[in-house]
Amino acid sequence: MGPRPVAMAPPEAGPAEAARGGPGEAAAGRPQSWVEIDVGALVRNFRRFRARFPPNVQVFVSIKKDAYGHGAVEVVRALTGEAGLAGFGVAMAAEAEALRRVGLRPPLLHLSVLRGPELEAAVRAGDIVTVTDEPETREAQAWARRWGLAPRVHFKIDTGMGRLGRSPEEALAALERLRRAEPTLIQGLYTHLPDGWANPTQARRQLETLRTLAARTGLAGGMHHLGGSDALALAEGYPLPAVRCGIALYGAHPGMPEAEPVMTFKARIIYRRRAPAGTPISYGGTHRLGRETELAVVGAGYGNGYPWSLSNRGRVIVGGRAAPVLGRVCMDQMIVDATGAPEAQVGDVATLFGRGPEGTPSVAEVAGQAGTIPYELMCLAGRLNGRVYGGL
């Protein structure tokens, strides 16, 4: 079952995904802002990532936070059946339930520790659950026994992230006790790379720590894996059976420059005017026109995920040309200098980041200028605006 092929033209009334209301919805049902998701680029990026690793390595795809704003349901539909796909990683139990509500039951890896009813639901569904110590492991085991199932348990170790997981020394002791009690309880070990691409030396040490623990606990043949996309730093000769893919899939990782942008953020011009020199622009009058200027008001602002920090600094593409952001970005509007694009009229489209004519800012470029990361911009833009799918 593939994603709905929706043409990525400026939406009028828009498909259901693009016309669900909220900050990006104009009063007449014509959206002021939206994101376009290129499903074909998504699939090609998955294949590019997979091809970086040895043929026997499988890939877990991260779809947490609604697939980084791209839509988890559509990402699962697009990638299910792809060669080398091990499954999908979710951060919260609700993300797994959202997939099941629409009839999707792909192999899932829960990347956070679950407890109580949430853990029970994951075990009953046959998902892989993450544990970090003995009590969590025993709880997963107890739920599995209650329902007559074999638990699928992966043990997470902290090798340098400082987040989930025990230290290698603590993990070793716990794993040895668990293995003595029930040799088949733990099916896999994993850890997280905090800075693999920028610090491959540290990443290799983390990898070797994981392999050493697997060998010392009799788990060398398990389904061990590293994440996220920073594992690209270790791709050549990668020795584990699985790897996790995150931001590289969505086209914004420096380790895979050949990846295509999957998300493009667009908005309409909702007003045009000519203003004389000396006119103050937007809240606080932080910009004052130095010459007569053709202004365009674009129907997106920080309430749509375009960073307020790009006030007087950002640029968008209007009429195929760069248009600087003037003054402060507003909640649902921004004002740009459209003097260089006299043909751009009300109702025409401005591109804020992603795929577009030459000079269109990438999400990484916009994030860098705003002092943030592409993950944040994608999550916000995909959450706060309607989505239009196409590219098949």
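Name the residue, out of GLY340, GLY359, GLY354, that is at positive phi and surrounded by fewer than 17 Cβ atoms within 10 Å (Cβ to Cβ). Give the derivation first.
On the way: GLY340 fails: at positive phi; GLY354 fails: surrounded by fewer than 17 Cβ atoms within 10 Å (Cβ to Cβ).
After applying the criteria, what remains is GLY359.
Evaluating ALA323 against the criteria (1) within 18 Å of TRP34 (Cβ to Cβ); (2) crowded, with 23+ Cβ neighbours inside 10 Å; (3) out of contact with any Leu (no Cβ under 7 Å at 6 or more places or on another chain); (4) not polar (S, T, N, Q) leaves one unmet condition, (1).
For SER309, which of the numbered conditions (1) out of contact with any strand residue (DSSP E or B) (no Cβ under 6 Å at 6 or more places or on another chain); (2) assigned to a loop (DSSP other than H, G, I, E, B); (3) among the hydroxyl-bearing types (Ser, Thr, Tyr) fails to hold? All conditions are met except number (2). Across segment 191-210, the qualifying residues are those that are in contact (Cβ under 8 Å) with a residue 40 or more places away in the chain and out of contact with any helix residue (DSSP H, G or I) (no Cβ under 6 Å at 6 or more places or on another chain), and the one among them that is farthest from PRO254 (Cα to Cα) is LEU210. Going through (1) touching a strand residue (DSSP E or B) at 6+ places or on another chain (Cβ under 9 Å); (2) crowded, with 20+ Cβ neighbours inside 10 Å; (3) in a loop (DSSP other than H, G, I, E, B); (4) of a type outside the set (Phe, Trp, Tyr) one by one, ALA296 falls short only on (3).
Residues that are closer than 18 Å to GLY386 by Cβ and β-branched (Val, Ile, Thr) number at least 2 in the following helices (runs of 4 or more DSSP H) confined to segment 27-81: 72-79.
Given the residues ALA203, ALA122, ALA144, which is the only one that is assigned by TED's automatic domain parsing to the domain that holds ALA98 and within 25 Å of MET256 (Cβ to Cβ)?
Step by step, each of ALA203, ALA122, ALA144 is checked, and only ALA203 is assigned by TED's automatic domain parsing to the domain that holds ALA98 and within 25 Å of MET256 (Cβ to Cβ).
Could you tell me whether segment 271-288 includes any residue that is of a type in the set (Val, Ile, Thr) and surrounded by fewer than 20 Cβ atoms within 10 Å (Cβ to Cβ)? Within segment 271-288 (the criterion being of a type in the set (Val, Ile, Thr) and surrounded by fewer than 20 Cβ atoms within 10 Å (Cβ to Cβ)), the answer is yes, since at least one residue qualifies.
The values are calculated or read from the model by the stated rules, or taken from the named source; none is laboratory data. All values derive from a computational prediction rather than experimental measurement. Glycine gets a Cβ as well: all are built from the backbone with ideal geometry, and neighbour counts include every protein chain shown.
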